[in-house]
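Comments concern the structure below.
The values are calculated or read from the model by the stated rules, or taken from the named source; none is laboratory data. Quick caveat: nothing in here was measured; it's all calculated off a predicted structure. Cβ placement follows ideal geometry from the backbone for every residue including glycine, while neighbour counts extend to all protein chains displayed. Just the protein is used for accessible areas: all its heavy atoms, side chains included, with ligands, DNA and RNA removed. Shrake-Rupley method; radii C 1.70, N 1.55, O 1.52, S 1.80 Å.
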Amino acid sequence: MTAKGLTAWAYPLAESLLAEPLPRRWKHVLGVAERAQVLAPILGDDAELLEAAAVLHDIGYSPDLAKTGFHPLDGARYLRDVAGADERVVRLVAHHSCAWLEADARGLREELDGEFPHDAAHLDDALCFCDMNTTPDGTPTNPVDRINEIAGRYGTDSLIGKFIRRAEPEILGCTSRVLERVAAAKREALQPM
């Protein structure tokens with residue numbers, strides 16, 4: 001499947017799993033995919049891969065797919081076992097937005113890492129950036145407000161509330177690394193020929 005074919009395949013799949021049962025989640029993933037499009041200049045050949053992973057990253061919330069209650073693992077397993085997705089998309093979905101820290105809290109770290117080895121760190125950073133700079137309704141935000149929103153929605157003492165606070169330094173680090181790559185690309189573009 002070509003990279004362009006990857007996004008053409010990913011959007012209708014995500015829509016079929018999220019739009020009706022979870023319309024707010026569908027809006028969120030569309031917003032995350034928009035953020036991915038903005039990063040295309042720093043991703044080169046991986047731009048389509050990131051956009052496909054962005055629109056698919058939360059399919060594990062779909063009532064049809066939720067098995068473990070840990071959406072990165074449920075989504076990645078579906079993509080691998082049922083949808084026959086590109087393994088790089090599967091790994092990005094499995095590890096999106098510091099999923100390893102939540103997997104630790106749920107006792108699922110060995111399963112996550114054993115089934116889905118990490119891919120390229122710069123793509124993990126980029127997907128985290130896109131997710132954490134998008135509100136639940138799909139509009140742009142910043143990672144500090146997004147983390148606060150997540151902690152407030154789930155409760156600071158909940159598993160998710162504790163996970164997101166534990167992940168906060170890494171989320172901010174992902175954002176910083178992505179923004180530095182964007183800045184470097186813009187500086188390079190301004191260099192005289």
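Would you mind working out the magnitude of the charge dipole of the chain relative to its Cα centre, with +1 at each Lys and Arg C-beta and -1 at each Asp and Glu C-beta, to the nearest 20 Debye?
In total the dipole reaches around 380 debye.
Looking at the calculated P(r) for segment 1-84, what percent of the C-alpha pair distances fall above 18 Å?
39
Just the Kirkwood number for segment 34-78, please: inverse of mean 1/r across all distinct Cα pairs, in Å, one decimal.
One decimal place: 11.3 Å for the Kirkwood radius.
Expressed as a rounded percentage, what relative contact order does the chain have, with Cα pairs under 8 Å and six or more residues apart?
Contact order relative to length: 20 percent.
For the chain, with every protein chain kept in place, what is the accessible area per residue (1.4 Å probe, Å²)?
Using a 1.4 Å probe on heavy atoms only, each residue of the chain averages 47 Å².
What FRET efficiency, computed as 1/(1 + (r/R0)^6) with R0 = 30 Å and r the Cβ-Cβ distance, is obtained for L159 and T139, rounded to the nearest 0.05? Please report the intermediate quantities before stating the final value.
Working: r = 26 Å, r/R0 = 0.88.
Efficiency for this residue pair is about 0.70.
Let's test this: bin the Cα-Cα distances of the chain at 5 Å from zero up to the farthest pair and state each bin's percent.
Final binned percentages: 1, 8, 16, 22, 22, 16, 8, 3, 1, 1, 0.
Quick one: with all protein chains in place, what share of the accessible area of the chain is carbon or sulfur, to the nearest percent (1.4 Å probe)?
55
Quick check: from the Cα gyration tensor, does segment 106-193 come out rounded (a/c under 1.5), prolate or oblate?
oblate
For the chain, list the cysteines whose Cβ sits under 4.7 Å from no other cysteine Cβ?
Among the cysteines of the chain, those whose Cβ sits 4.7 Å or more from every other are C98, C130.
Under the rule of at least 5 residues apart or a separate chain, name every residue whose amide H is placed under 5 Å from the amide H of T134.
T141
In whole Å, largest first, what are the principal axis extents of the Cα atoms in segment 64-166?
So the extents along the principal axes, rounded to whole Å, are 35, 27, 27.
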